[in-house]
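Colleague: Take this structure first; my questions come after.
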Amino acid sequence: HAANGFFQSPFEKADILTIDGHGEADTCFMGTGNGNTIKKTHQITYPHSVGLFYGTFTDFLGFKPDSDEWKVMALSSYAVNLNQYDEKVRSLIKLVPDGFELDLNYFDYYTFDRRPNFFSSRMVELLGPPRKASDELKQRHFEIAGAMQRVFVETVTHLLNVTKKFGGSDNVVLSGGAAMNCVFNGLMDSIDIYRDSHISHSPDDSGVSIGAALLAHYRHGVSTRSPEEVRHNYFGPSFSDEEISRILEKNKIVAEKQQNLTEVVAQGLADGNLIGWFQGAMEFGHRALGNRSILADPRHESTKDKVNSAVKFREHFRPFAPATLAEYAEEIFEMPKDRKVRFMERAYIIRNSWREKLGAVTHVDGTGRVQTVEKEDN
């Protein structure tokens, strides 16, 4: 995780914080990157885990832990104000000078398959009955998710301070599964700990293969590194026009090659049509970033229902992500002028003057999980 983040960053030197469910013994890695080397400075060990703290609430709220945490993050946006559950959730985790400790009386994830859930009966006593996957979502479920997300933000902010104490750089690389939390990631620019931050295109387990290769490359291959940020993740398979034509013919799909494709697509979007967009090499990781994407007009709130009913078949509370020309990003979003968000890894507040114009991609809390697109990349 650390290598995936640091070696794909633009930094010559940086502090590194990885937050995961667990690796072998550690759940948080704190270290430093310098040139072509990574050094561990501190770690937090299992069973105390921020990732599994989040996973426990994913389980409690009726979703699949280690899989559906992003759904819980979306739920949390429906309860952005303090509520009756904040202090209860906060009581489960104690921040200490070198990290944190969970009150393990409330958690069962470390018993693995010997218990049916990640949470114990004490959690039920504290928060009330857990939700089953088939249960209707109620206000208390939103409130529990909101309280948990706020405690997550407090905890990770504290961990950034701990990382800075052991490291001391002005830059930080965030990695591990928890670095997929785009709500927290969007707050990092306003948290006055590090001057700059970087999150790779695949900070979760999907990216450890890249991290392992990079680690071996710099340990046993080349001895020097010229820092260069990886600007895209189009590393997957691509197909020529001839290959596509053969597949269409084989499956008896009628197709027409458009000479003015972008104009036809733009008009189709403006007319309310949904577009399946397929070009170049497939994206590596979880995000559809313009090469394998479903495109729709972002202006009308009704677009969300249209996409969900026709294609996605997903929960109504989950937001859609706006792909934005990089040169207009600061005008539309409350974000730093030079911040690039190439992998939809951060959510920012959409400016008031744009919210009514962007009904389909403005989440209930006023944010959008933006992808900034640069011409030279896509």
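The values are calculated or read from the model by the stated rules, or taken from the named source; none is laboratory data. Note that the coordinates shown come from a computational prediction; the quantities given were computed from them, not determined experimentally. Reconstructed Cβ throughout: ideal geometry from the backbone, glycine too, with neighbour counts over all protein chains shown. Each accessible area value is taken on the protein alone, full model and side chains, heavy atoms only, with ligands, DNA and RNA left out. Shrake-Rupley method; radii C 1.70, N 1.55, O 1.52, S 1.80 Å.
Colleague: Longer than 29 Å from Cα to Cα, which of K252/K304; K88/K340; K138/K340; K138/K306; K40/K71; K250/K375 are they? Say none if no pair is.
Modeller: K252/K304; K88/K340; K138/K340; K40/K71; K250/K375
Colleague: Dipole of the stretch 1-146, Cα-centred, from +1 at each Lys and Arg C-beta and -1 at each Asp and Glu C-beta, to the nearest 20 debye?
Modeller: That gives a dipole near 140 debye.
Colleague: Which of V265, V50, V341 moves the most in a Gaussian network model of the chain with Cα springs under 10 Å?
Modeller: Top of the fluctuation ranking is V265.
Colleague: GNM on the chain, C-alpha springs below 10 Å: top fluctuator among I275, I247, I38?
Modeller: I247
Colleague: Using a 7 Å offset from Cα along Cα-Cβ at V153, what residues in the stretch 58-84 end up with backbone N under 19 Å from the label point?
Modeller: It comes to 58, 69-84, nothing else.
Colleague: As a test of reading the structure, rank I349, I294, I332 by solvent-accessible area (1.4 Å probe, protein chains only), most first.
Modeller: From most exposed to least exposed: I294, I349, I332.
Colleague: Could you give the dipole magnitude of the stretch 288-361 about its Cα centre, charging the beta-carbon of Lys and Arg +1 and that of Asp and Glu -1, in debye to the nearest 20?
Modeller: Dipole of the stretch 288-361, to the nearest 20 debye: 240 debye.
Colleague: Pick the calculated log10 I(q)/I(0) by the Debye sum over Cα atoms at q = 0.08, 0.10, 0.12, 0.14 Å⁻¹ for this structure from (1) -0.45, -0.70, -0.99, -1.29; (2) -0.47, -0.71, -0.95, -1.16; (3) -0.38, -0.61, -0.91, -1.27?
Modeller: (1)
Colleague: Let me ask another. Solvent-accessible area per residue for the stretch 167-271 at a 1.4 Å probe radius, Å²?
Modeller: In whole numbers, the stretch 167-271 has 61 Å² accessible per residue.
Colleague: Enumerate the amide H contacts of S197 below 5 Å, restricted to partners 5 or more residues apart or on another chain; note that Pro and chain-start residues carry no placed amide H.
Modeller: V172
Colleague: With a probe of 1.4 Å, find how much accessible area the stretch 1-128 has per residue, and write the answer as a whole number in Å².
Modeller: 42 Å²
Colleague: Of the listed peptides 250-256, 42-48, what is their order by residue-averaged count of other C-beta atoms within 10 Å, with the highest listed first?
Modeller: 42-48, 250-256
Colleague: Now for a separate question. Taking amide H atoms as placed 1.01 Å from N in the peptide plane, list the residues 5 or more away in sequence, or in a different chain, whose amide H sits under 5 Å from that of E301.
Modeller: Answer set, sorted by chain and number: G359, A360.
Colleague: If you take the beta carbon distance between E249 and E24 as r and set R0 to 35 Å, what does 1/(1 + (r/R0)^6) give as a FRET efficiency, to the nearest 0.05?
Modeller: 0.10
Colleague: Among K257, K40, K13, which one moves the most in a GNM of the chain with springs linking Cα atoms closer than 10 Å?
Modeller: Evaluated over the chain, the most mobile residue of the options is K257.
Colleague: Which order, highest average first, do 3-12, 218-227 follow once you tally other Cβ atoms within 10 Å for each residue and take the mean per peptide?
Modeller: 3-12, 218-227
Colleague: Right, something else. Quote the FRET efficiency, to the nearest 0.05, computed for A270 versus R351 with a Förster distance R0 of 22 Å and r equal to the Cβ-Cβ distance.
Modeller: 0.45
Colleague: Then there's this: Could you point to the residue in H286, N260, F7 farthest towards the positive end of the chain's charge dipole, with +1 and -1 charges on the Cβ of Lys/Arg and Asp/Glu respectively?
Modeller: Farthest along the dipole direction, towards plus: H286.
Colleague: How big is the accessible area of E125 in square angstrom, nearest 10, if you roll a 1.4 angstrom probe over the protein chains?
Modeller: Counting only protein heavy atoms, the figure is 140 Å².
Colleague: Could you derive backbone 3J(HN,Hα) for the stretch 7-13 from the dihedral phi with the Karplus parameters 6.51, -1.76 and 1.60 (θ = phi - 60°), listing whole Hz in sequence and x where the residue is Gly or Pro?
Modeller: 6, 9, 8, x, 8, 6, 9
Colleague: How large a share of the accessible area of the chain, in percent, is made up of carbon and sulfur atoms when the probe is 1.4 Å and the other protein chains stay in place?
Modeller: Exposed carbon and sulfur together represent 51 percent of the surface.
Colleague: Next up: Taking the simple approach of a point 7 Å from Cα along Cα-to-Cβ for both K375 and T37, what is their distance in nm?
Modeller: In this crude label model, K375 to T37 measures out at 4.3 nm.
Colleague: Placing unit charges on C-beta atoms (Lys and Arg positive, Asp and Glu negative, everything else neutral), compute the dipole magnitude of the chain about its Cα centre in debye, rounded to 20.
Modeller: That gives the chain a dipole magnitude of about 360 debye.
Colleague: If you take the beta carbon distance between F239 and K64 as r and set R0 to 22 Å, what does 1/(1 + (r/R0)^6) give as a FRET efficiency, to the nearest 0.05?
Modeller: 0.10
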